[in-house]
């Protein structure tokens with residue numbers, strides 16, 4: 001159990017909540033995927049119709065539900 | 001966005017837990033770069049334990065939902081660009097200061113409300129729980145009492161015990 005914990009700490013995989021604007025960042029992410037660019041698998045994305053749609057409270061909710069950080073992109 | 005980061009700093013969570021980046025639809029490479037960047041920042045910060053920050057998180061959420069902050073944010077343009085009926089405008093710098101001050105006060109009030117939700121307490125206990133100075137607690141408590149959000153429950157000896165409404 002202890003050894004497992006240490007190993008977990010070593011290779012800490014952050015969980016990042018990403019709010020992506022449908023028209024900008026989401027399309028950018030799509031393009032990154034299509035052109036096979038490598039990027040870390042840490043993000044869990046939520047597509048929003050506009051990054052102005054992201055209420056500050058959502059960010060706090062994200063942290064509350066156990067994400068390590070929140071990434072807003074538009 | 002700036003306000004959320006300011007609040008996270010206030011509450012000891014740290015502003016770097018929230019990141020904002022602008023990417024256009026044609027910039028896949030930039031996206032990959034930013035994701036790597038954000039991942040690195042988060043990795044340096046280490047895991048986030050929401051249980052440890054339960055109280056500050058609840059207070060931050062309450063602050064962001066508070067009428068005062070919502071109004072101020074909504075009126076930003078009007079206050080800094082259009083001016084009021086006397087054509088008085090606030091400079092961006094002054095407005096920012098005002099907003100930060102209001103946010104700090106609301107955050108302190110929210111902390112007190114959250115602590116009082118758990119059980120009625122004396123001022124000294126509240127100060128201990130929230131980590132605020134005793135004087136600040138009594139100032140905010142006074143404001144809360146005026147808005148009927150907190151009130152006197154009883155006296156234990158000569159110490160007043162307050163409760164949330």
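Derivation of every value follows stated rules applied to the coordinates shown; laboratory data play no part. Just so we're clear, the structure is a prediction, and the values are computed from it rather than from any experiment. With ideal geometry, Cβ positions are generated from the backbone for all residues, glycine too; neighbour counts draw on all protein chains shown.
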(request) Go through (1) closer than 18 Å to residue B:38 by Cα; (2) in contact with a strand residue (DSSP E or B) (Cβ under 8 Å, 6 or more places away or on another chain) one by one and return the number of the condition residue A:48 breaks. (result) (1)
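Please go through segment B:46-64 and give me each residue that is part of a helix (DSSP H, G or I) and facing another protein chain (nearest Cβ under 7 Å), ordered by number. Lay out the reasoning, then the answer.
First, pick out the residues of segment B:46-64 that are part of a helix (DSSP H, G or I): B:54-64.
Within segment B:46-64, B:57, B:60, B:61, B:64 qualify.
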(message) Looking at residue B:107 and the list (1) in contact (Cβ under 8 Å) with a residue 24 or more places away in the chain; (2) surrounded by fewer than 15 Cβ atoms within 10 Å (Cβ to Cβ); (3) closer than 26 Å to residue A:57 by Cβ, which single condition is not satisfied?
(response) (2)
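Would you check if there is a residue in segment A:30-46 being part of a helix (DSSP H, G or I), more than 7 Å from chain B (Cβ to nearest Cβ) and within 12 Å of the chain's Cα centre (by Cα)?
First, pick out the residues of segment A:30-46 that are part of a helix (DSSP H, G or I): A:30-34.
Cutting the leftovers down to more than 7 Å from chain B (Cβ to nearest Cβ) gives us A:30, A:33-34.
Next, only the ones that are within 12 Å of the chain's Cα centre (by Cα) stay: none.
No.
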(message) Between B:69, B:23, which is on the phi < 0 side of the Ramachandran plot, crowded, with 17+ Cβ neighbours inside 10 Å, within 13 Å of another protein chain (Cβ to nearest Cβ) and in contact with a strand residue (DSSP E or B) (Cβ under 7 Å, 6 or more places away or on another chain)?
(response) B:23
